[in-house]
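Colleague: Pasting a structure below so you can have a look.
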Amino acid sequence: MRVTLLSYMLDGATPTYGGLAQPPRLEATSSMATGDSADTYELQLGNHVGTHVDCPAHFHEGAPAVSDYVPESWLFRRVQVTDVRLKPGELLGPEAAKALDDDTDLLLFRSGWSTKRDEPAYGTDNPGISPELARRLREHPCLRAIGMDWISVSSFAHRAVGREVHRILLDPSGTGSPVRIVEDMRLPPDLAPPDLVLIAPLVVRGLDSAPCTVFALSGV
């Protein structure tokens, strides 16, 4: 069995959407180097920083939050990887849904934007998804989540449109089921559709969205 990590490691250089949030910060509260019996830390981390999953409560009051999902809902067995090429600020259109298989439950968009992750442009010039595509995805009978290798489903150049896209995908009363959104994913060029993807969010009661560790398993 092969296991591939689809999340990025968190550190002080983690990019944020538009540079608006603080990167993760670690503060040592005890240290063996200074004579304490063990190392311990406090972590300050925004819940939309790094690889993370947006749940319906992010844009809809009273809608399901991370802790409302049962464990098995974070397992995906019919995963599709779609390669797209996007210019800075470009919104991916509904044509990206044409090749979507009928039984896909997790759709991963791989654009190659990860090559810019060490550049300021990653957080400010990122592409996004159009409302037309979001509506097409909501009509799919099996789709439960999407993921992408850029920082947000919302293009920073089109923030109002991005908010609309979030609302469409996450709306608990919309067509079909809400589609959770995994942003800032690590999608290697050689990643083939795996047999299984496990999304493991940090489960905090009532939290709208959360950082997550994502594993792709092949040969299961």
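Bear in mind these aren't lab numbers, they're just calculated from the coordinates by the rules spelled out. As the structure is a computational prediction, the values presented were derived from the model and not from experiment. We place every Cβ from the backbone using ideal geometry, glycine too, and count neighbours over all the protein chains shown.
Colleague: Taking 0.36 nm per residue of separation and subtracting the Cα-Cα distance, what length does fully extending GLU164 through THR40 add?
Modeller: Going from the current span to full extension adds 40.5 nm.
Colleague: Still on this model: Search the structure for amide H atoms under 5 Å from the amide H of SER30, placed 1.01 Å from N in the peptide plane, and list their residues when 5 or more places away or on another chain.
Modeller: The list, which skips near neighbours in sequence, is THR40.
Colleague: For the chain, what does -39500 (n - 2.57) per DSSP helix run (n ≥ 4), summed and divided by total residues, give at 222 nm, in deg cm²/dmol to the nearest 500? Please report the intermediate quantities before stating the final value.
Modeller: Details: 3 runs with 24 residues, N = 220.
Rounded to the nearest 500, it is -3000 deg cm²/dmol.
Colleague: Filter the trypsin sites (Lys or Arg not before Pro) in region 144-207 to those in DSSP coil with at most 12 other Cβ atoms within 10 Å of their Cβ, and list the result. Don't skip to the end; give the middle numbers.
Modeller: Values: sites: ARG144, ARG159, ARG163, ARG167, ARG180, ARG186, ARG205; in loops: ARG144, ARG186, ARG205.
Loop-located and lightly packed - ARG205.
Colleague: Same structure, new question: Which chymotrypsin sites (Phe, Trp or Tyr not before Pro) in region 1-110 pass both tests, a DSSP loop state and at most 15 other beta-carbon atoms within 10 Å? Write out the running numbers ahead of the final one.
Modeller: Numbers: sites: TYR8, TYR17, TYR41, PHE59, TYR69, TRP74, PHE76, PHE109; in loops: TYR8, PHE59, TYR69.
Here no loop site has a sparse enough neighbourhood.
Colleague: Find how much the distance from SER73 to ARG135 grows on full extension, using 0.36 nm per residue of separation minus their present alpha carbon separation; answer in nm with one decimal. It would help to have the intermediate numbers written out before the result.
Modeller: Details: separation 62, 0.36 × 62 = 22.32 nm, distance 2.18 nm.
Difference between extended and current length: 20.1 nm.
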